[in-house]
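Working notes, beginning with the structure itself.
The values are calculated or read from the model by the stated rules, or taken from the named source; none is laboratory data. Nothing here was measured: the structure is a model prediction, and the numbers come from that model. Note that each Cβ is placed from the backbone with ideal geometry, even for glycine, and that neighbours are counted across all protein chains shown.
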């Protein structure tokens with residue numbers, strides 16, 4: 001968990017009573033007292049620093065924090081909608097990598113991008129495990145394949161299918177059975193030296209956090225997606241790997257080997273490396289599925305009148 005944060009300090013003489021800090025605070029820490037902003041519930045502070053970021057006179061200070069000013073004074077976003085859409089449509093999953101290792105400074109820059117992803121209650125509880133050694137990646141591949149060999153051997157029989165249905169749910173059991181031919185083919189390719197699990201990537205990254213925190217799934221997924229965008233901007237490619245996530249969460253041997261704490265759960269994983277492929281066309285997606293809430297009794301009555 002994130003360490004307890006110190007509440008902000010208000011320089012009263014610099015406060016112009018604009019009340020922006022009070023309105024923006026998600027934890028009700030600040031209120032107006034005698035026409036000045038004041039910290040009234042300091043122990044509720046989550047350290048998001050929104051109050052200091054909106055203060056036009058820099059009258060709010062946070063211990064140990066340096067609030068960098070926006071290079072364009074915050075008047076416009078850092079990128080245009082057109083450039084952002086292009087970035088989102090350029091980024092594709094990469095399953096062909098060169099053998100070049102990822103320099104440590106580049107890997108750190110990619111992981112650093114995850115720091116700026118939002119987290120529930122500003123917990124900043126995302127942890128990473130980065131596997132960069134070829135021998136360790138090979139060992140992780142072996143352990144993961146062994147896990148799936150055991151799982152798929154169970155669903156081949158009626159009794160094993162029943163057990164998996166009870167443990168994981170009927171839909172997942174049916175999905176696994178339908179995926180069996182594909183997995184057997186991929187496994188055969190792996191035996192031939194063609195890595196269809198990690199795609200010979202030089203880096204495998206997992207994001208994990210406390211399993212009791214209901215925001216952990218969101219926190220880890222968004223943080224790792226931030227990392228993938230930074231990787232793309234640096235000329236690297238990524239591929240998210242749900243197979244590894246599932247194996248890490250259901251195999252205590254894999255979880256211990258990765259050094260993931262017992263009270264943590266893995267929520268996202270991806271391979272990373274320099275792409276050995278160039279995509280010439282942008283991503284295509286179907287239109288967004290947007291639903292509407294069912295009309296309430298009030299709406300029905302309004303329509304009837």
How many of the residues making up the stretch 39-58 are farther than 22 Å from residue 120 by Cβ and out of contact with any helix residue (DSSP H, G or I) (no Cβ under 8 Å at 6 or more places or on another chain)? 2
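Only one of 241, 219 is buried (at least 18 other Cβ atoms within 10 Å of the Cβ), at pLDDT 95 or above and farther than 28 Å from residue 150 by Cβ; which? Even if it seems obvious, please write down each step before you answer.
Working: 241 fails: farther than 28 Å from residue 150 by Cβ.
From the options 241, 219, the qualifying one is 219.
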Out of 65, 53, 78, 113, I need the residue that is on the phi < 0 side of the Ramachandran plot, modelled with pLDDT under 95 and assigned to a helix (DSSP H, G or I). Which one? 53
Against the definition (in contact with a helix residue (DSSP H, G or I) (Cβ under 8 Å, 6 or more places away or on another chain), at pLDDT 85 or above and over 26 Å from residue 264 (Cα atoms)), how does residue 213 come out, yes or no? no
Given the condition surrounded by fewer than 20 Cβ atoms within 10 Å (Cβ to Cβ) and farther than 24 Å from residue 140 by Cα, answer yes or no: does some residue in the stretch 198-210 qualify? no
Would you check if residue 150 is more than 21 Å from the chain's Cα centre (by Cα), in a helix (DSSP H, G or I) and exposed (fewer than 14 other Cβ atoms within 10 Å of the Cβ)? yes
May I ask you to say which residue of 106, 137 is touching a helix residue (DSSP H, G or I) at 6+ places or on another chain (Cβ under 9 Å), modelled with pLDDT of 95 or more, part of a helix (DSSP H, G or I) and closer than 25 Å to residue 279 by Cβ? 106
Does residue 30 satisfy being free of Cβ contacts under 8 Å to residues at least 40 places away in the same chain and assigned by TED's automatic domain parsing to the domain that holds residue 119? no
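Is there a residue being in the same structural domain as residue 204 (by TED's automatic domain parsing), out of contact with any strand residue (DSSP E or B) (no Cβ under 8 Å at 6 or more places or on another chain) and loosely packed, with under 13 Cβ neighbours inside 10 Å anywhere in the stretch 40-56? Before the answer, list the steps.
Step one: list which residues in the stretch 40-56 are in the same structural domain as residue 204 (by TED's automatic domain parsing), which gives none.
No, every residue in the stretch 40-56 fails to be in the same structural domain as residue 204 (by TED's automatic domain parsing), out of contact with any strand residue (DSSP E or B) (no Cβ under 8 Å at 6 or more places or on another chain) and loosely packed, with under 13 Cβ neighbours inside 10 Å.
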